[in-house]
Amino acid sequence: MNHPVTVVKCGGSPSIDRDAMCADIAALTAEGRRVVLVHGGAAEVDLLAGRLGVAQRRLTTPSGSSSRYTDPATLEVLQLALAGKVKPALVAALGRCGARAVGLTGMDGRTVTARRTAAHRAVLDGRTVMIRDDHNGRIRHVDPSLLTLLLEAGLVPVLSPPALAEDGGAVNVDADRTAAAVAAALGARRLVLLTGAPGVLADHRDESSLLPEYEVPDSGPVGDAAVGGMKAKLQAAREALLGSVAEVLVADGRVKNPVSAALAGAGTSVRLVAARATSGAAPLTTVGS
């Protein structure tokens with residue numbers, strides 16, 4: 001009997017111990033666990049962009065959400081950094097620990113398809129402008145067949161953006177939300193989001209304010225803890241839970257055996273609540289302190 005699937009998302013924080021994570025995943029797969037690793041690599045993208053002289057900018061939507069401005073040059077840098085540096089390093093680290101891993105992007109096998117963002121207004125460098133060359137997109141579909149085939153063969157799929165756009169080209173998609181969509185498509189039991197913090201914090205400046213549980217509404221804002229990169233993780237957690245993933249954990253990627261620790265109860269367990277059960281003043285309820 002196959003073990004339930006666990007999807008692990010490795011954040012882009014340089015503080016995450018990727019070697020420890022890979023050793024932990026290898027040990028879990030040696031026990032017969034089925035694990036898919038999804039990764040980003042914002043720090044590596046920024047580093048390579050700087051070396052190549054490609055300016056990096058952020059787009060802010062009218063609602064306040066921020067994303068990387070993925071113009072054609074940045075899209076090329078992103079593919080080089082993720083598929084050419086981060087992914088081979090993760091595959092090699094898993095291999096050194098005895099796991100058989102295969103590196104993929106969402107484009108391989110049409111695993112992740114997305115709709116490219118059309119022309120839209122955004123705030124760029126303090127000015128509201130019309131953006132027409134942004135190669136960001138929203139995930140439309142995940143085909144789990146290739147991932148399932150690899151898992152059944154005892155391999156660890158290592159997946160990252162970009163996704164395949166409807167026009168056949170590459171499109172950047174958020175790695176946290178990719179992990180959520182993959183977990184839902186695979187019918188995964190758990191999604192573990194590893195980050196450079198102990199989990200979801202009541203005060204993002206105080207690591208001792210870890211929340212063992214955190215509730216997100218099924219629609220609307222995801223709450224006061226949605227600061228910086230945690231906002232995307234909580235949005236991804238909600239999408240996974242709405243996609244019938246049973247458990248979503250936000251956990252510390254800086255520790256030894258980070259995945260095993262999360263599965264044993266470390267970090268924050270994210271729960272889904274109906275939006276009507278929350279008040280307008282506090283769109284999200286926290287449990288524990």
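Mind checking which residues of the range 94-119 are outside any helix (DSSP H, G or I), under 24 Å from the mean Cα position of the chain (by Cα) and of a type outside the set (V, I, T)? It would help to see each step written out before you state the result.
Of the residues in the range 94-119, the ones outside any helix (DSSP H, G or I) are 97-107, 111-119.
Narrowing the set further to residues that are under 24 Å from the mean Cα position of the chain (by Cα) leaves 97, 99-107, 111-118.
Within the range 94-119, C97, A99, R100, A101, G103, L104, G106, M107, A114, R115, R116, A118 meet the criteria.
Taking into account only those residues within the range 22-38 that are among the charged types (D, E, K, R) and more than 23 Å from G106 (Cα to Cα), which is surrounded by the most Cβ atoms within 10 Å (Cβ to Cβ)? Explain how you work it out, then say what you get.
Kept after step one, since they are among the charged types (D, E, K, R), are these residues of the range 22-38: 24, 31, 33-34.
Now drop any that are not more than 23 Å from G106 (Cα to Cα), which leaves 24, 31.
On the way: D24: 23, E31: 7.
Top of the filtered list is D24.
Residues checked against (1) farther than 21 Å from L151 by Cβ; (2) crowded, with 24+ Cβ neighbours inside 10 Å:
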{"position": "A180", "(1), (2)": "no, yes"}
{"position": "V192", "(1), (2)": "no, yes"}
{"position": "S209", "(1), (2)": "yes, no"}
{"position": "G220", "(1), (2)": "yes, no"}
{"position": "A237", "(1), (2)": "yes, yes"}
{"position": "A240", "(1), (2)": "no, yes"}
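Checked against (1) open to solvent by less than 40 Å² (accessible area, probe 1.4 Å); (2) closer than 24 Å to G168 by Cα; (3) without any contact (Cβ under 8 Å) to a residue 24 or more places away in the chain, V54 passes all but condition (2). Report whether or not D19 is open to solvent by 50 Å² or more (accessible area, probe 1.4 Å), farther than 30 Å from H135 by Cα and either touching a residue at least 24 places away in the same chain (Cβ under 8 Å) or of a type in the set (S, T, N, Q) (or both). Yes.
Out of the range 119-148, which residues are aliphatic (A, V, I, L, M) and either open to solvent by 70 Å² or more (accessible area, probe 1.4 Å) or within 14 Å of Y69 (Cβ to Cβ) (or both)? So that I can check it myself, show each step before the final result.
Restricting attention to the range 119-148, the residues satisfying the condition of being aliphatic (A, V, I, L, M) are 119, 122-124, 129-131, 139, 142, 146-147.
Matches in the range 119-148: A119, A122, V123, L124, V129, M130, I131.
Of all the residues in the range 251-289, those that are modelled with pLDDT of 90 or more, assigned to a loop (DSSP other than H, G, I, E, B) and either in contact with a Cys (Cβ under 9 Å, 6 or more places away or on another chain) or farther than 30 Å from A26 by Cβ (or both) number 1.
Being at pLDDT 95 or above, within 14 Å of the chain's Cα centre (by Cα) and either outside any loop (DSSP other than H, G, I, E, B) or surrounded by fewer than 24 Cβ atoms within 10 Å (Cβ to Cβ) (or both) is a property that V248 has. Residue pairs whose Cβ atoms lie under 6 Å apart, sitting 6 or more positions apart in sequence or on different chains, and linking a residue in the range 131-153 that is over 19 Å from T29 (Cα atoms) to a partner that is of a type in the set (K, R), are G137/R115; G137/R116; R138/R115; R140/R115; D143/R110.
All conditions but one from (1) touching a residue at least 40 places away in the same chain (Cβ under 8 Å); (2) buried (at least 20 other Cβ atoms within 10 Å of the Cβ) apply to R110; the one that does not is (2).
Answer yes or no as to whether G137 is at pLDDT below 95 and on the phi > 0 side of the Ramachandran plot.
On the way: at pLDDT below 95: yes; on the phi > 0 side of the Ramachandran plot: no.
Taking the combined requirement at face value, the residue does not satisfy it.
For V91, are the conditions met, namely being in contact with a strand residue (DSSP E or B) (Cβ under 8 Å, 6 or more places away or on another chain), touching a residue at least 24 places away in the same chain (Cβ under 8 Å) and assigned to a strand (DSSP E or B)? No; evaluated as a whole, the condition is false for this residue.
The values are calculated or read from the model by the stated rules, or taken from the named source; none is laboratory data. All values derive from a computational prediction rather than experimental measurement. A quick note on method: Cβ atoms are made from the backbone with ideal geometry, for glycine too, and the neighbour counts reach across all protein chains shown. With ligands, DNA and RNA removed, areas are computed over all heavy atoms of the protein, side chains included. Shrake-Rupley method; radii C 1.70, N 1.55, O 1.52, S 1.80 Å.
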